[in-house]
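The structure appears right after this line, and notes come after that.
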Amino acid sequence: MRKFEKIGGAIVFLLFLLRVFIGTDFNVVLRLGLLFLSLFYLWFGFFLFNRIGFLDLLNKEARSKLNAFTITVGIIMGIVYSFCILSIIYVIYFYALMQFLIVTAAISIIATTLLIGVYNTLNMPLQKFYNQFYKRSLIIGSVIIALWHTPIDKRLDILFKKHPDFIDAYKEHRENPSEQNLEKLKEARSLFK
């Protein structure tokens, strides 16, 4: 599972770079890559973080190595990472509520990582278990913080430089969210979906 995570992360990173430098030709593939990575953390985060396989749940000896804390943290961090990646999708594609989602994602990843850090200082025996969350949170959190602190107009210029109609429609809708401007935005967005 770790190989899938690393390969998936590398592919998504490469697709994002292609998306930035080449344009919207990679929209669908990038969106699918991010969605699959999000679903991977949501459904398989527990197994990934606890370093067990599906069949290990049937093995009593393998199950005995798990405790309530590692099970709970594995599930919660899978949900948090999944939510963070979904928030990245919203920010990259300028969907409604993107600012709210990116702030919520930043707060949730910082809060959960800090809670794990506090628990880590109190209970040192699971150091290897804790370290994996610090690394992932640093990578995903850095992307979220960078996207959050990049002004919307700058993100528009970087991600949609070949679509000035979309940039204008988005800015008009942001300044005056009328039904007519929403239709213009939908029409401009439909050109590169």
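When every Cα-Cα distance of the range 30-81 is counted in 10 angstrom steps from zero, the calculated P(r) takes the values 26, 47, 21, 6, 0 percent.
Looking at the range 108-172, the trypsin sites (Lys or Arg not before Pro) that sit in a DSSP loop and have at most 15 other Cβ atoms within 10 Å of their own Cβ are K161, K162.
In this entry, the range 61-132 is assigned a mean projected area of 5.6 nm², taken as a quarter of its C-alpha convex hull surface. Among the chymotrypsin sites (Phe, Trp or Tyr not before Pro) within the range 8-110, those in coil by DSSP and having at most 10 neighbouring Cβ atoms inside 10 Å are F54. Our note on the geometry: Cα centres of the range 153-193 and the range 1-77, 32 Å apart. Here the dipole of the range 57-193 is about 700 debye; that uses its Cα centre as origin and unit charges on the Cβ of Lys and Arg (positive) and Asp and Glu (negative).
When each full DSSP H helix of the chain is screened for a Cα extent of at least 24 Å along its own axis and an average Kyte-Doolittle hydropathy of at least 1.6, the helices passing are 27-50, 68-93, 98-122.
Sorting the Cα pairs of the range 3-97 by distance into bins of 10 Å, from 0 upward, gives 15, 40, 26, 14, 5, 0 percent per bin. Separation of the alpha carbons by more than 28 angstrom is noted, of K161/K184; K65/K135; K135/K186; K3/K65; K161/K186, for K135/K186. Where only DSSP H runs of four or more residues are counted, the chain gives -27000 deg cm²/dmol as its mean residue ellipticity at 222 nm, each run worth -39500 (n - 2.57). Label-to-label distance for A62 and N131 is 2.4 nm, based on points extended 7 Å past Cα in the beta-carbon direction.
Throughout, read-outs are computed from the coordinates displayed, never taken from laboratory work. What you are looking at is a predicted structure, and each value in this text was computed from that prediction instead of being measured. Glycine gets a Cβ as well: all are built from the backbone with ideal geometry, and neighbour counts include every protein chain shown.
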